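This report concerns only the one structure given below.
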Amino acid sequence: MSEIDAIKRFIDPLKRRIMLSVARFVLKAVDDAKKMQRLQVQILDEEVRDSVERFQQYGFTSSPHPGAEGVIIFPGGSRSHGVVIAVDDRRYRLTGLASGEVALFTDEGDYIKLKRGNQIEISTNKATFLKDVKIMGRLDVVGDIEGEADIIDKDGSVGGVRTTYNGHGHNETGATTAAPNEQMPTT
(Lines give C-alpha, C1' and ligand atoms only; values in the text may rest on other atoms or scores of the structure.)
Protein backbone atom coordinates (compact mmCIF):
# COMPACT_ATOMS: atom_id res chain seq x y z
CA MET A 1 0.00 0.00 0.00
CA SER A 2 1.38 3.38 -1.00
CA GLU A 3 1.69 6.34 1.32
CA ILE A 4 -1.06 8.19 -0.60
CA ASP A 5 -3.42 5.22 -0.23
CA ALA A 6 -2.70 5.09 3.52
CA ILE A 7 -3.45 8.82 3.91
CA LYS A 8 -6.61 8.51 1.81
CA ARG A 9 -7.72 5.52 3.90
CA PHE A 10 -7.20 7.60 7.04
CA ILE A 11 -8.87 10.79 5.68
CA ASP A 12 -11.88 9.27 3.87
CA PRO A 13 -13.88 8.44 7.06
CA LEU A 14 -13.24 11.96 8.40
CA LYS A 15 -14.27 13.48 5.08
CA ARG A 16 -17.48 11.40 5.11
CA ARG A 17 -18.33 12.54 8.66
CA ILE A 18 -17.73 16.19 7.76
CA MET A 19 -19.85 15.87 4.60
CA LEU A 20 -22.69 14.33 6.64
CA SER A 21 -22.56 16.91 9.47
CA VAL A 22 -24.70 19.65 7.80
CA ALA A 23 -27.68 19.30 5.46
CA ARG A 24 -30.63 21.20 4.02
CA PHE A 25 -34.12 19.79 4.51
CA VAL A 26 -37.80 20.25 3.67
CA LEU A 27 -40.18 20.30 6.64
CA LYS A 28 -42.80 17.55 6.69
CA ALA A 29 -44.49 18.00 10.11
CA VAL A 30 -44.26 19.92 13.41
CA ASP A 31 -44.94 18.73 16.97
CA ASP A 32 -45.30 21.93 19.02
CA ALA A 33 -46.69 20.30 22.19
CA LYS A 34 -43.39 19.72 23.97
CA LYS A 35 -41.03 22.20 25.62
CA MET A 36 -38.58 21.65 22.74
CA GLN A 37 -40.33 21.65 19.38
CA ARG A 38 -39.88 18.46 17.34
CA LEU A 39 -39.87 18.28 13.55
CA GLN A 40 -40.16 15.63 10.90
CA VAL A 41 -37.76 16.54 8.10
CA GLN A 42 -36.91 15.11 4.71
CA ILE A 43 -33.23 15.51 3.92
CA LEU A 44 -32.78 13.47 0.78
CA ASP A 45 -35.36 11.65 -1.33
CA GLU A 46 -35.23 8.65 0.97
CA GLU A 47 -33.91 10.15 4.22
CA VAL A 48 -36.69 11.24 6.59
CA ARG A 49 -35.87 12.03 10.22
CA ASP A 50 -38.57 12.05 12.90
CA SER A 51 -38.67 13.91 16.22
CA VAL A 52 -35.70 16.16 15.45
CA GLU A 53 -35.26 18.90 18.07
CA ARG A 54 -35.52 22.46 16.78
CA PHE A 55 -33.49 25.08 18.62
CA GLN A 56 -35.03 28.58 18.47
CA GLN A 57 -33.82 31.93 19.75
CA TYR A 58 -34.84 32.68 23.35
CA GLY A 59 -38.00 34.80 23.42
CA PHE A 60 -38.99 33.95 19.84
CA THR A 61 -40.94 30.94 18.67
CA SER A 62 -42.85 29.90 15.59
CA SER A 63 -44.61 26.89 14.14
CA PRO A 64 -43.63 26.71 10.48
CA HIS A 65 -45.78 25.19 7.73
CA PRO A 66 -44.91 21.92 6.05
CA GLY A 67 -42.88 22.73 2.96
CA ALA A 68 -40.66 25.23 4.78
CA GLU A 69 -36.93 24.71 4.35
CA GLY A 70 -34.16 24.55 6.90
CA VAL A 71 -30.69 23.56 7.98
CA ILE A 72 -29.94 20.60 10.22
CA ILE A 73 -26.63 19.74 11.83
CA PHE A 74 -25.43 16.34 12.97
CA PRO A 75 -22.81 16.73 15.72
CA GLY A 76 -19.85 14.46 15.00
CA GLY A 77 -21.30 13.62 11.57
CA SER A 78 -23.57 10.92 13.03
CA ARG A 79 -27.04 11.03 11.46
CA SER A 80 -28.54 9.43 14.58
CA HIS A 81 -29.19 12.71 16.45
CA GLY A 82 -29.71 15.82 14.34
CA VAL A 83 -30.50 19.32 15.57
CA VAL A 84 -32.40 21.88 13.50
CA ILE A 85 -30.76 25.31 13.73
CA ALA A 86 -32.74 27.31 11.16
CA VAL A 87 -36.12 27.19 9.37
CA ASP A 88 -37.31 29.68 6.76
CA ASP A 89 -40.20 29.76 4.32
CA ARG A 90 -39.63 31.62 1.07
CA ARG A 91 -43.37 31.40 0.31
CA TYR A 92 -44.24 33.86 3.09
CA ARG A 93 -41.04 35.74 3.96
CA LEU A 94 -41.51 39.49 4.23
CA THR A 95 -39.32 41.20 1.65
CA GLY A 96 -38.26 44.75 0.88
CA LEU A 97 -36.81 45.66 4.28
CA ALA A 98 -34.24 48.42 4.37
CA SER A 99 -30.78 47.56 5.65
CA GLY A 100 -30.92 47.31 9.46
CA GLU A 101 -34.71 46.79 9.68
CA VAL A 102 -36.22 43.85 11.58
CA ALA A 103 -39.66 42.24 11.24
CA LEU A 104 -41.94 39.55 12.61
CA PHE A 105 -44.46 38.17 10.12
CA THR A 106 -47.04 35.46 9.47
CA ASP A 107 -48.23 33.59 6.41
CA GLU A 108 -51.48 35.62 6.59
CA GLY A 109 -49.67 38.89 5.90
CA ASP A 110 -49.63 40.26 9.45
CA TYR A 111 -46.36 41.90 10.43
CA ILE A 112 -44.53 44.10 12.89
CA LYS A 113 -41.65 46.05 11.36
CA LEU A 114 -38.99 47.86 13.37
CA LYS A 115 -38.14 50.44 10.75
CA ARG A 116 -35.40 52.98 10.21
CA GLY A 117 -35.94 56.34 11.90
CA ASN A 118 -37.14 54.76 15.18
CA GLN A 119 -40.55 53.82 13.77
CA ILE A 120 -42.63 50.69 14.29
CA GLU A 121 -45.19 49.64 11.69
CA ILE A 122 -47.86 47.08 12.56
CA SER A 123 -50.22 45.58 9.99
CA THR A 124 -53.09 43.35 11.14
CA ASN A 125 -56.89 43.34 11.24
CA LYS A 126 -57.16 43.69 15.01
CA ALA A 127 -54.71 44.06 17.88
CA THR A 128 -55.72 42.99 21.40
CA PHE A 129 -53.79 44.17 24.46
CA LEU A 130 -54.33 42.04 27.56
CA LYS A 131 -52.84 44.58 29.97
CA ASP A 132 -52.73 48.36 30.35
CA VAL A 133 -51.23 50.44 27.55
CA LYS A 134 -49.44 53.70 28.30
CA ILE A 135 -48.70 56.14 25.51
CA MET A 136 -46.12 58.74 26.45
CA GLY A 137 -46.48 60.77 23.27
CA ARG A 138 -49.33 62.01 21.18
CA LEU A 139 -52.11 59.70 19.96
CA ASP A 140 -53.50 60.52 16.50
CA VAL A 141 -56.62 58.54 15.60
CA VAL A 142 -58.07 58.51 12.08
CA GLY A 143 -61.10 56.27 12.74
CA ASP A 144 -63.70 56.12 15.49
CA ILE A 145 -62.82 55.45 19.12
CA GLU A 146 -65.05 52.82 20.70
CA GLY A 147 -64.99 51.62 24.27
CA GLU A 148 -66.88 49.52 26.78
CA ALA A 149 -65.93 51.82 29.64
CA ASP A 150 -65.84 55.56 30.32
CA ILE A 151 -63.19 57.79 28.78
CA ILE A 152 -61.42 59.73 31.51
CA ASP A 153 -58.95 62.62 31.38
CA LYS A 154 -57.44 64.92 34.03
CA ASP A 155 -60.63 67.05 34.22
CA GLY A 156 -63.35 64.40 34.26
CA SER A 157 -65.00 61.82 32.09
CA VAL A 158 -67.17 61.62 28.98
CA GLY A 159 -69.84 59.94 31.13
CA GLY A 160 -69.70 62.87 33.53
CA VAL A 161 -70.16 65.35 30.68
CA ARG A 162 -73.14 63.33 29.42
CA THR A 163 -74.77 63.29 32.88
CA THR A 164 -74.28 67.02 33.34
CA TYR A 165 -75.53 67.86 29.84
CA ASN A 166 -78.59 65.61 29.96
CA GLY A 167 -79.68 66.89 33.37
CA HIS A 168 -78.97 70.58 33.03
CA GLY A 169 -81.54 73.37 32.83
CA HIS A 170 -81.31 77.12 32.20
CA ASN A 171 -82.47 79.87 34.50
CA GLU A 172 -84.37 82.14 32.08
CA THR A 173 -86.72 84.99 32.92
CA GLY A 174 -87.17 83.83 36.47
CA ALA A 175 -87.98 80.19 35.60
CA THR A 176 -85.73 77.17 35.16
CA THR A 177 -86.18 75.36 31.87
CA ALA A 178 -86.48 71.59 31.56
CA ALA A 179 -83.58 69.38 30.53
CA PRO A 180 -82.64 69.52 26.83
CA ASN A 181 -85.00 67.87 24.33
CA GLU A 182 -82.12 66.07 22.64
CA GLN A 183 -80.18 63.98 25.12
CA MET A 184 -76.62 62.79 24.55
CA PRO A 185 -76.86 59.06 23.82
CA THR A 186 -75.75 56.71 26.57
CA THR A 187 -74.69 53.88 24.28
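When S63 is tested against the conditions (1) touching a residue at least 60 places away in the same chain (Cβ under 8 Å); (2) surrounded by fewer than 13 Cβ atoms within 10 Å (Cβ to Cβ), the lone failure is (1).
Within the range 20-43, being surrounded by fewer than 16 Cβ atoms within 10 Å (Cβ to Cβ) and over 16 Å from S80 (Cβ atoms) holds for R24, V26, K28, A29, D31, D32, A33, K34, K35, M36, Q42. Across the range 44-73, the qualifying residues are those that are of a type in the set (A, V, I, L, M, F, W, C) and over 13 Å from the mean Cα position of the chain (by Cα), and the one among them that is nearest to R24 (Cα to Cα) is V71.
Summed over the range 131-187, the residues that are part of a loop (DSSP other than H, G, I, E, B), hydrophobic (A, V, I, L, M, F, W, C) and without any contact (Cβ under 8 Å) to a residue 12 or more places away in the chain give a count of 10. Exactly one residue out of L104, L94 is of a type in the set (A, V, I, L, M, F, W, C), open to solvent by less than 70 Å² (accessible area, probe 1.4 Å), farther than 30 Å from R17 by Cβ and in contact with a Phe, Trp or Tyr (Cβ under 8 Å, 6 or more places away or on another chain): that is L94. Filtered by the rule that a residue be polar (S, T, N, Q) and either exposed (fewer than 11 other Cβ atoms within 10 Å of the Cβ) or under 29 Å from G147 (Cα atoms) (or both), the range 157-180 gives S157, T163, T164, N166, N171, T173, T176.
Tell me yes or no: at least one residue of the range 1-13 is among the hydroxyl-bearing types (S, T, Y), over 31 Å from the mean Cα position of the chain (by Cα) and part of a loop (DSSP other than H, G, I, E, B). Looking for residues that are among the hydroxyl-bearing types (S, T, Y), over 31 Å from the mean Cα position of the chain (by Cα) and part of a loop (DSSP other than H, G, I, E, B), one finds at least one in the range 1-13, hence yes.
The values are calculated or read from the model by the stated rules, or taken from the named source; none is laboratory data. The model shown is predicted, which means the values in this text are computed figures rather than measured ones. We place every Cβ from the backbone using ideal geometry, glycine too, and count neighbours over all the protein chains shown. The protein model used for the area step is the full one, side chains on, heavy atoms only, and it has no ligands, DNA or RNA in it. Shrake-Rupley method; radii C 1.70, N 1.55, O 1.52, S 1.80 Å.
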